[in-house]
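Participant: Please see the structure below; I have some questions.
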Amino acid sequence: MPRPAVAQKRDFVAKAFCPRILVVATPALADVCAVNRCSTFAELLAPFGQDVSTQITIQDGQGAPYFLDKLDVKFTTDYAIEQQPQWTQAELDDMVRRCITGDAEQTPMPLLPGGGVDAGALAADDAGGWAPWYVRLRQHWVNEMAASEHEAFMHPVACLLVASGSEDDPVGALRGLQSHPAVRRVRQQSFSGANVLFYSMLVHDGRDTGVVQAIDQTFDQVRRALGQNSALLRINTSTELGEAEGDGDGSRISGIWTHSWPTTHPLGAPAEGPFGGMLTMRDVAALRDAVKQMMVRSVVPHMQYQIRVLSEQTANERRGITGRLFSAGRRYFGTSARAAGAVAGVGGDVYFRYDSPEALMRKLADYSFMLKDFSFAQSVYQVARRDFQSEKAWKCYAGAQEMVGVCRLMGDAHPQRADVDAGFDEAAAMYLHKTTTPCLYLAVRCVIVYYELLRHGRLYALAPRALLQVPATTGALHGLMAEQAAYAHLRRGARPELRRFAFYAMVAAQAFRAAGMGGLARRCLRMVRLALASAPADGGAGADSGLPSRSGWSSIDSYVNHGLGQQCVAARGYGDALQYFTALLGSGQIPEKLQSTYLQELLQLYLESHDSAAAAGGGGGELGAAVELPIPTIDARMARIIMSPELEGEDGVWLWRPGVDDPRRQVDDARAAANLCCSVGEDVAVLLMVTNPLTVGITLNRFTLDCEFTPADGEASAPAPPDVSTADSVILEGGQTTMISVTITPRCAGRVDIRDARYLLCDILPARTALVLPGRRLNDTGAQRATPTYAPDARLGFSADHGFPRLAVSLEDFPDMLVSGSMHRTSIRIANRGSRPCRGVALWLSHPSFFDVRSPVLVGEDDAAADAPGGDMYVYSDSVPPVAEARVANDLRD
Amino acid sequence: MSTYYFVIVSAGDAPLYEATFGVPRPEHKHMHQFVVHAALDLVDDALFLTNACYLKTVDKHGDWNVSAYVTPSGVRLMLLHEARSEDAVRAFFTDCHELYAKTLANPFYQPAAPILSQAFDAKVAALAKRYLL
């Protein structure tokens, strides 16, 4: 299957401004067209009007010969001067929407996912590769070109009158077609006027076997009656209707129409073949030959004749200094300030009657342009431009201005920057702002044509400015042009301008978002993100493989992440959306006004995801698990673990070595860090400092800790995990820091490590914040020294051991002060709340000689009994000197 | 009074310091950054056209002009402004460059790290008040 023909650059412009021929057919031909799946005879001829191989040498307006290799011609079925379409923004958006076929997001992008520019695609320079919707819109725009009073392009240069050979009086039918309403309008209201060429065609339907012998005689009659501009066409010679496309000739014949379908119907439904069911290859050749003969023998000579006549009548007199003097003389010494031919057109703008010298010059230039005599056309346009300007006919002036620029770029196979006419830019602005009725259609056509010619000359530096002349009020159309402007910056010089590309892609995304085209907007924003991630300083090596944008430009990142997040929500990509919103809230530099909005959107996103999953019968949806959020901020370095928080004093495991003054906290060499140990069933409090980085208040509900429990050796196969308390609701105002306490109670021996804080953000979104501390810096290997590597840290964890009794100690009736010489009895209550017995409890006193310690069973007995060995409690005084300097590590009195 | 957006951009395109003077328009903040960021491409082009550090106005977007100043180390001082007064902008850039050079001389400042000093902030604000506002 051949690739659909898409005209490129210079060819595209030449095809857009090719001659038009009005086709008028008798009703008898409707069946001839219908059996070949064509609605009109013009549609049947349409593919054969492309690239007609003329191969003739003709003369330009000054008599110089030049070779015309090929020419395009378009066939129309109606003609009328109408006001230029005035689209609303919604209509333009709809038009752009129709240009998008398939999934826009799957269309190749110029930037590679890993960063950097796709150099292969950049060198290919194919407009349809990155934005096929632009190619379709471009084609649709020029196809929609309507006839206007200020230019001769859309005015038919000839009328093709077609009659069937089976009619009773073909000559009469053809004569009757000359008074067809459309033909009459051509003769009265077009640049061709009464001089329009009539070309008669007699079609012989191969199915009419009865008239085979008579058709030649009939055609002779036609030729005698209507002259040499007539032809006989024999088609439908196939013996049976070919329905299947599988056979060789049928497929090839149908392919002729299918191949040209994207050009003739860029926004229509795909071609529904097979076409040409009653045609054979001989018929196809006859159709092609008929069009070629019509062009070579009649249309081109007719246009050439017109050019020669008009050139002698008007243009030759007006060129040079003589012409200028003539214009100035008429202006200053004429009877009227305005030329006699100037009248008001359909849109209220000044234009010129078709028989006025100004209009004839425009016709001369347009005909020369259609026959690809660009240099002569340019000289005539320049003369006409001066006249239009002096008459203040701004629409005509803008048209001539546009065509001068087109001619200069079309005339050279390799145009340079110097060939670009300065007035080209002004033409589009003039169409929009100086005409009585803004001609948006013509302005956009001017921009498209200009852009294609700049692409042809690889003059991409001028393209963005030209493209952005399409006003922002056109919505998606403006976005489409901004997208092309972005691509122009990639191709502009030796080095792709990624930063300017990102800017114009952002402009395009804005326009697409406003027009409700989420797919295109998301694609543009993704391109922005990739462009920002490709640092030009290191050639794109620093591309960020992560999903959210993190370029360092806070507002840009926020804008891109928010836009992408919203588009992901619209496309129900909740997982990706969450990443964007998480990055958004974690940026730390969000304007106050937007924080509340972003937070609400994040919560709404979760609710939508949850509802969507519930409707689908799933579990928690894409966001079922708790997500890691940057809000609130929990500083793991400030976390504290406190044993037995309800008791006073300092808890821990201490070792009192004989001969050492003070007991020392027991250190486990294997862990090296803090070695906290508690008994099974003992409460351990974890204090966390939680900060709200936003300026709006948030609520944390069901705040708890996620712990990893490793049972000790010898524990049961299914050890009970520790109990972790939950804080029901914690309210954090904007910027507030508060302390949250969570109690952990181990139920069996083992190691407890705190991993995450878990909570419900605003009672909706299950979230978690990792509590990770780096351990010591490792420097054992070269890699560790080169890249900072840290050992795992054990500070946020503790051990629970069965071997420890759990004592509750309290002092009863302990005096605040004593008078010298007085005695006071006080008692220490020690309760063992653990499951292990406790033996050998010793008191460590700062002033051993100050106290007289007796066992409870001995209180009230005589002193001798008190000294008896085997008591439950004794003062550990072997190694403690009775001096005042001895400190109390476990200061119960405080 | 118009809005000014001043940014110091490292050689690796990361913003080191940002400040807004004049009428605050937070809704335009992302556009300010986008316009200045896009103008960096034009700064790269303009570098080859002159030996001077001050590159004058390198880009325009609507009413906004972007002026640039490039230090010998490749750090770019960018100012987005509406009013066109080249002498004032040049003087502002020159003094800001001096301030930045002093910051670089600080042994506690890591090159290419964001400038968070409040003293720097106050001095830049004073320069803006002196030359721009």
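Participant: Given the conditions (1) at the interface with another protein chain (Cβ under 10 Å from one of its Cβ atoms); (2) surrounded by fewer than 24 Cβ atoms within 10 Å (Cβ to Cβ); (3) aliphatic (A, V, I, L, M), report the number of the one that A:Val528 does not fulfil.
Facilitator: Among (1) at the interface with another protein chain (Cβ under 10 Å from one of its Cβ atoms); (2) surrounded by fewer than 24 Cβ atoms within 10 Å (Cβ to Cβ); (3) aliphatic (A, V, I, L, M), A:Val528 violates only (2).
Participant: When residues of segment A:413-439 are filtered for being among the charged types (D, E, K, R) and free of Cβ contacts under 8 Å to residues at least 40 places away in the same chain, how many remain?
Facilitator: First pass over segment A:413-439, keeping only residues among the charged types (D, E, K, R): A:417, A:419, A:421, A:425-426, A:434.
Of the ones still in play, those that are also free of Cβ contacts under 8 Å to residues at least 40 places away in the same chain are A:419, A:421, A:426.
The qualifying residues number 3.
Participant: Out of the residues in segment B:23-33 that are within 9 Å of chain A (Cβ to nearest Cβ) and of a type in the set (D, E, K, R), which is nearest to the chain's Cα centre (by Cα)? Give the steps one after another, and end with the answer.
Facilitator: Quick first cut of segment B:23-33, residues within 9 Å of chain A (Cβ to nearest Cβ) only: B:26-27, B:29-33.
After this cut, where a residue has to be of a type in the set (D, E, K, R) as well, the list is B:27, B:29.
Numbers: B:Glu27: 20, B:Lys29: 15 Å.
Restricting to residues being within 9 Å of chain A (Cβ to nearest Cβ) and of a type in the set (D, E, K, R), the top hit is B:Lys29.
Participant: Also, I was wondering about something else. Those residues that are buried (at least 22 other Cβ atoms within 10 Å of the Cβ) and touching a Ser or Thr at 6+ places or on another chain (Cβ under 7 Å), I need them from segment A:39-71; list them, please.
Facilitator: Correct list: A:Ala42, A:Ala46, A:Pro47, A:Gly61, A:Leu71.
Participant: Now, a different point. Going residue by residue through segment A:94-106, is there one that turns out to be under 30 Å from A:Glu151 (Cα atoms), in contact with an Asp or Glu (Cβ under 7 Å, 6 or more places away or on another chain) and modelled with pLDDT of 80 or more?
Facilitator: no
Participant: Scan (1) at the interface with another protein chain (Cβ under 10 Å from one of its Cβ atoms); (2) in a strand (DSSP E or B) for the single condition B:Asp44 breaks and write down its number.
Facilitator: (2)
Participant: Conditions: (1) within 12 Å of another protein chain (Cβ to nearest Cβ); (2) farther than 22 Å from B:Ser117 by Cβ; (3) assigned to a helix (DSSP H, G or I). B:Asp59 meets all but one. Number of the miss?
Facilitator: (3)
Participant: Here is a follow-up. Inspect all residues belonging to segment A:474-495 and state whether any of them is part of a helix (DSSP H, G or I), touching a His at 6+ places or on another chain (Cβ under 6 Å) and either more than 11 Å from chain B (Cβ to nearest Cβ) or among the charged types (D, E, K, R) (or both).
Facilitator: Taking segment A:474-495 and keeping what is part of a helix (DSSP H, G or I), we get A:474, A:476-491.
Going one step further and asking which of them are touching a His at 6+ places or on another chain (Cβ under 6 Å), we end up with none.
Scanning segment A:474-495, I find no residue that is part of a helix (DSSP H, G or I), touching a His at 6+ places or on another chain (Cβ under 6 Å) and either more than 11 Å from chain B (Cβ to nearest Cβ) or among the charged types (D, E, K, R) (or both), so the answer is no.
Participant: Same structure, new question: Do we find that A:Gly575 is surrounded by fewer than 18 Cβ atoms within 10 Å (Cβ to Cβ), away from chain B (no Cβ under 11 Å), part of a helix (DSSP H, G or I) and modelled with pLDDT under 85 in this structure? It would help to see each step written out before you state the result.
Facilitator: Values: surrounded by fewer than 18 Cβ atoms within 10 Å (Cβ to Cβ): yes; away from chain B (no Cβ under 11 Å): yes; part of a helix (DSSP H, G or I): yes; modelled with pLDDT under 85: yes.
Spelling it out, A:Gly575 is indeed surrounded by fewer than 18 Cβ atoms within 10 Å (Cβ to Cβ), away from chain B (no Cβ under 11 Å), part of a helix (DSSP H, G or I) and modelled with pLDDT under 85.
Participant: Let me ask something else about it. Only one of B:Asp95, B:Asp63, B:Asp87 is at pLDDT 95 or above and over 15 Å from B:Leu42 (Cα atoms); which?
Facilitator: Going through B:Asp95, B:Asp63, B:Asp87 in turn, just one is at pLDDT 95 or above and over 15 Å from B:Leu42 (Cα atoms): B:Asp95.
Participant: Still on this structure: Here are A:Ser179, A:Ser190: which of them is more than 30 Å from A:Ala488 (Cα to Cα) and surrounded by 19 or more Cβ atoms within 10 Å (Cβ to Cβ)? Before you say what the answer is, go through the steps one by one.
Facilitator: Working: A:Ser179 fails: surrounded by 19 or more Cβ atoms within 10 Å (Cβ to Cβ).
Criteria check complete, one pass: A:Ser190.
Participant: While we're looking at this one, here's another question. Filter segment A:597-609 for residues that are polar (S, T, N, Q), surrounded by fewer than 16 Cβ atoms within 10 Å (Cβ to Cβ) and either within 22 Å of the chain's Cα centre (by Cα) or more than 14 Å from chain B (Cβ to nearest Cβ) (or both) and give the result.
Facilitator: So the first thing to find is which residues in segment A:597-609 are polar (S, T, N, Q), and the list is A:597, A:600, A:604, A:609.
Now restrict to residues that are surrounded by fewer than 16 Cβ atoms within 10 Å (Cβ to Cβ): A:597, A:600, A:604.
Matches in segment A:597-609: A:Gln600, A:Gln604.
Participant: Ok, one more. How many of the residues in segment A:436-480 are farther than 14 Å from A:Val420 by Cβ and among the hydroxyl-bearing types (Ser, Thr, Tyr)?
Facilitator: Here the count works out to 5.
Participant: For segment A:38-69, how many residues meet the condition of being under 40 Å from the mean Cα position of the chain (by Cα) and either of a type in the set (D, E, K, R) or part of a loop (DSSP other than H, G, I, E, B) (or both)?
Facilitator: 5
Participant: On to the next question. Give the residue, chosen from A:Ala461, A:Ala443, that is part of a helix (DSSP H, G or I) and aliphatic (A, V, I, L, M). Walk me through how you get there before you give the answer.
Facilitator: On the way: A:Ala461 fails: part of a helix (DSSP H, G or I).
None of the others qualify; the one that does is A:Ala443.
Here is a yes/no grid of residues against (1) of a type in the set (D, E, K, R); (2) modelled with pLDDT under 80; (3) closer than 30 Å to A:Glu358 by Cα; (4) touching a Leu at 6+ places or on another chain (Cβ under 8 Å):
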| site | (1), (2), (3), (4) |
| --- | --- |
| A:Ala231 | no, no, no, yes |
| A:Ser251 | no, no, no, no |
| A:Thr258 | no, no, no, no |
| A:Arg282 | yes, no, no, no |
| A:Ala290 | no, no, no, yes |
| A:Arg319 | yes, yes, yes, no |
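Participant: Check segment B:97-104 and report whether any residue there is of a type in the set (Phe, Trp, Tyr) and under 25 Å from A:Ala505 (Cβ atoms).
Facilitator: Of all residues in segment B:97-104, those of a type in the set (Phe, Trp, Tyr) come to B:100.
Right, trim to under 25 Å from A:Ala505 (Cβ atoms) and you get none.
No; the residues of segment B:97-104 include none that is of a type in the set (Phe, Trp, Tyr) and under 25 Å from A:Ala505 (Cβ atoms).
Participant: Here is a further query. Please report, ordered by residue number, the strands (runs of 3 or more DSSP E) entirely within segment A:779-862 with at least 2 residues that are without any contact (Cβ under 8 Å) to a residue 40 or more places away in the chain. Steps first, answer last, please.
Facilitator: Details: elements: A:797-801, A:807-812, A:827-832.
By residue number, A:807-812, A:827-832.
Participant: Return yes when A:Ser822 is surrounded by fewer than 13 Cβ atoms within 10 Å (Cβ to Cβ) and either within 30 Å of A:Leu688 (Cβ to Cβ) or at pLDDT 50 or above (or both) and no when it is not. Steps first, please.
Facilitator: Working: surrounded by fewer than 13 Cβ atoms within 10 Å (Cβ to Cβ): yes; either within 30 Å of A:Leu688 (Cβ to Cβ) or at pLDDT 50 or above (or both): yes.
So A:Ser822 fits the description; yes.
Participant: Here is a further query. Can you confirm whether A:Gln589 is surrounded by fewer than 22 Cβ atoms within 10 Å (Cβ to Cβ), at negative phi, over 15 Å from the mean Cα position of the chain (by Cα) and assigned to a helix (DSSP H, G or I)?
Facilitator: Criteria not met by A:Gln589.
Participant: Given the conditions (1) acidic (Asp, Glu); (2) closer than 16 Å to A:Ser554 by Cα; (3) more than 14 Å from chain A (Cβ to nearest Cβ), and given that B:Asp87 satisfies all but one, which numbered condition is not satisfied?
Facilitator: Exception for B:Asp87: condition (2).
Participant: Would you mention how many residues in segment A:28-67 are hydroxyl-bearing (Ser, Thr, Tyr) and under 24 Å from A:Gly250 (Cβ atoms)?
Facilitator: Start the filter on segment A:28-67 by keeping residues that are hydroxyl-bearing (Ser, Thr, Tyr), which leaves A:39-40, A:53-54, A:57, A:66.
From the residues that got through so far, the ones that are under 24 Å from A:Gly250 (Cβ atoms) too are A:39-40.
Residues that pass the stated criteria total 2.
Participant: Let me ask something else. Which helices (runs of 4 or more DSSP H) sit wholly inside segment A:85-145 and have at least 2 residues that are crowded, with 18+ Cβ neighbours inside 10 Å? Full working, then the answer.
Facilitator: On the way: elements: A:89-99, A:119-124, A:127-130, A:132-143.
Helices (runs of 4 or more DSSP H) meeting the threshold: A:89-99, A:127-130, A:132-143.
Participant: Could you tell me whether any residue of segment A:750-764 is under 45 Å from the mean Cα position of the chain (by Cα) and more than 27 Å from A:Leu585 (Cβ to Cβ)?
Facilitator: Yes, there is a match, as at least one residue in segment A:750-764 is under 45 Å from the mean Cα position of the chain (by Cα) and more than 27 Å from A:Leu585 (Cβ to Cβ).
Participant: Next question. Can you pull out the residues in segment B:3-16 that are buried (at least 21 other Cβ atoms within 10 Å of the Cβ), of a type in the set (Ser, Thr, Tyr) and either touching a Cys at 6+ places or on another chain (Cβ under 9 Å) or not in a strand (DSSP E or B) (or both)?
Facilitator: none
Participant: Sticking with this structure for a sec: Being within 16 Å of B:Gly62 (Cβ to Cβ), more than 11 Å from every other protein chain (Cβ to nearest Cβ) and of a type outside the set (S, T, N, Q) is the filter here, so list the residues in segment B:1-22 that pass it. Show your work before the answer.
Facilitator: Applying the first criterion (within 16 Å of B:Gly62 (Cβ to Cβ)) to segment B:1-22 yields B:2-5.
Of the ones still in play, those that are also more than 11 Å from every other protein chain (Cβ to nearest Cβ) are B:2-4.
The one that is within 16 Å of B:Gly62 (Cβ to Cβ), more than 11 Å from every other protein chain (Cβ to nearest Cβ) and of a type outside the set (S, T, N, Q): B:Tyr4.
The values are calculated or read from the model by the stated rules, or taken from the named source; none is laboratory data. Remember, it's a predicted structure, so these values are computed and weren't measured experimentally. Cβ atoms come from the backbone with ideal geometry, glycine included; neighbour counts cover every protein chain shown.
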